[in-house]
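A.B. asks: After the structure tokens below, expect a handful of questions from me.
The values are calculated or read from the model by the stated rules, or taken from the named source; none is laboratory data. If you're wondering where the values come from, they're calculated on a predicted model, not measured in any experiment. Cβ sites come from the backbone with ideal geometry, for glycine too, and all protein chains shown count toward neighbours.
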Amino acid sequence: MEAARGTVHKYGDNVDTDVIIPARYLNTSDAGELAQHCMEDIDRDFVKRVRKGDIMVASRNFGCGSSREHAPIAIKAAGVSCVIAETFARIFYRNSINIGLAIIECPEAAREIAAGDTVSVDFDSGLITDETTGKSWQGQAFPPFMQRIIDQGGLINYINSESD
């Protein structure tokens, strides 16, 4: 599995799925259209600033609220390569893996990394490095089967590739 490296977009506690992708845009499942509205209710300029490979960092309970998979789809389609948080809502965590969005829990990193920092994540080891400050933290590495799901772009693609 490749490593992630990008600029950090930072958020606080309890960022729910209605904030990640507002309900008024749920009439589509088109990933590109969802990406255009990602985070707009709490960060109007997110879609203007985010670049392919960037990293989202948040505090506790990221992705709480409804169980819609539109939220991780919007984040991934916006170009975010990884989300680091102190904790994730359980359904959001599973939905993220299912659609191939890399997420990693690491409370220390989530608290100390600042918006605008350049961060890299080694998914094989779980090592998170803030290249701006030089600090590193040990996050939870993905088990090999989860790495394969993410590498394949999600659970459906993984299942289809395994049956070939």
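A.B. asks: May I ask you to say which residue of Asp41, Asp18 is more than 23 Å from Tyr158 (Cα to Cα), of a type in the set (Asp, Glu) and either crowded, with 19+ Cβ neighbours inside 10 Å or in contact (Cβ under 8 Å) with a residue 24 or more places away in the chain (or both)?
C.D. replies: Residue meeting the stated conditions: Asp18.
A.B. asks: Confirm whether Gly32 is closer than 23 Å to Val121 by Cα, without any contact (Cβ under 8 Å) to a residue 60 or more places away in the chain and surrounded by fewer than 19 Cβ atoms within 10 Å (Cβ to Cβ).
C.D. replies: no
A.B. asks: Right, another one. Please specify each residue of region 109-130 satisfying the condition of being aliphatic (A, V, I, L, M) and free of Cβ contacts under 8 Å to residues at least 40 places away in the same chain.
C.D. replies: The one that is aliphatic (A, V, I, L, M) and free of Cβ contacts under 8 Å to residues at least 40 places away in the same chain: Leu127.
A.B. asks: Hey, another quick one. For Glu69, all conditions in the list (1) at pLDDT 95 or above; (2) crowded, with 17+ Cβ neighbours inside 10 Å; (3) over 11 Å from the mean Cα position of the chain (by Cα) hold save one; what is the number of the exception?
C.D. replies: Tallying (1) at pLDDT 95 or above; (2) crowded, with 17+ Cβ neighbours inside 10 Å; (3) over 11 Å from the mean Cα position of the chain (by Cα), Glu69 fails exactly one: (1).
A.B. asks: Continuing with the same structure: Taking the stated definitions as given, is Ile84 assigned to a helix (DSSP H, G or I) and either crowded, with 17+ Cβ neighbours inside 10 Å or modelled with pLDDT under 95 (or both)?
C.D. replies: Here the answer is no, as Ile84 does not meet what is asked.
A.B. asks: Next up: In region 102-114, what count of residues is obtained for those that are surrounded by 17 or more Cβ atoms within 10 Å (Cβ to Cβ) and part of a loop (DSSP other than H, G, I, E, B)?
C.D. replies: Number satisfying all stated conditions: 2.
A.B. asks: Which numbered condition trips up Ile99, out of (1) in contact (Cβ under 8 Å) with a residue 24 or more places away in the chain; (2) surrounded by fewer than 22 Cβ atoms within 10 Å (Cβ to Cβ); (3) farther than 18 Å from Ser59 by Cα?
C.D. replies: Among (1) in contact (Cβ under 8 Å) with a residue 24 or more places away in the chain; (2) surrounded by fewer than 22 Cβ atoms within 10 Å (Cβ to Cβ); (3) farther than 18 Å from Ser59 by Cα, Ile99 violates only (2).
A.B. asks: Could you tell me which numbered condition Val121 fails, if it satisfies all but one of (1) out of contact with any Pro (no Cβ under 7 Å at 6 or more places or on another chain); (2) modelled with pLDDT of 95 or more; (3) part of a helix (DSSP H, G or I); (4) buried (at least 17 other Cβ atoms within 10 Å of the Cβ)?
C.D. replies: Exception for Val121: condition (3).
A.B. asks: Any chance you could count how many residues in region 143-163 are under 19 Å from the mean Cα position of the chain (by Cα) and not in a helix (DSSP H, G or I)?
C.D. replies: Qualifying residue count for the region: 4.
A.B. asks: Continuing with this model, one more query. Please work out which residue is modelled with the lowest pLDDT, limiting yourself to region 1-39 and to residues that are within 22 Å of Val119 (Cβ to Cβ) and assigned to a strand (DSSP E or B).
C.D. replies: Looking at residues that are within 22 Å of Val119 (Cβ to Cβ) and assigned to a strand (DSSP E or B), I get Ala4.
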